[in-house]
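The values are calculated or read from the model by the stated rules, or taken from the named source; none is laboratory data. Just so it is clear, the structure is predicted and the values come from calculations on it, not from any experiment. Glycine gets a Cβ as well: all are built from the backbone with ideal geometry, and neighbour counts include every protein chain shown.
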Amino acid sequence: MKKGNLSAALSQFDKRSERGSQEGAMHKPAPSQEPTKSTPRDAERDDSTRSQLPPSRRGKKALTGYFEPEVMKQLKVMAAAEETTIQALLTEALNDLFKKYGKPHIA
């Protein structure tokens with residue numbers, strides 16, 4: 001069994017959620033809207049979905065990790081205190097790490 005395309009499924013879900021909130025009620029999508037087997041056209045759709053990303057995210061990759069909840073709370077407090085974003089704090093931290101190991105600042 002071939003798995004469906006997660007990106008396309010999430011994109012369809014977002015569109016249905018927007019329509020449901022505008023119409024005041026959620027409804028089950030027609031079978032034609034549900035993702036099926038991946039085809040070459042799905043790859044084209046993925047490219048168009050990527051181009052819908054905000055310019056600040058285009059060409060970039062998400063970087064994640066699992067930490068204790070207190071880490072997130074502390075980052076939020078620090079970001080608020082410094083009037084910046086968590087992403088800006090993480091960029092600073094990564095560049096400090098790169099510097100420590102003699103790598104160029106690229107974050």
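Residue pairs whose Cβ atoms lie under 6 Å apart, sitting 6 or more positions apart in sequence or on different chains, and linking a residue in the range 82-107 that is within 16 Å of Thr64 (Cβ to Cβ) to a partner that is modelled with pLDDT under 95 and small (Gly, Ala, Ser), are Thr91/Ala107; Leu94/Ala107. When we screen Ala88, Ala9, Ala81 for residues that are surrounded by 11 or more Cβ atoms within 10 Å (Cβ to Cβ), among the small types (Gly, Ala, Ser), at pLDDT 85 or above and assigned to a helix (DSSP H, G or I), the only hit is Ala88.
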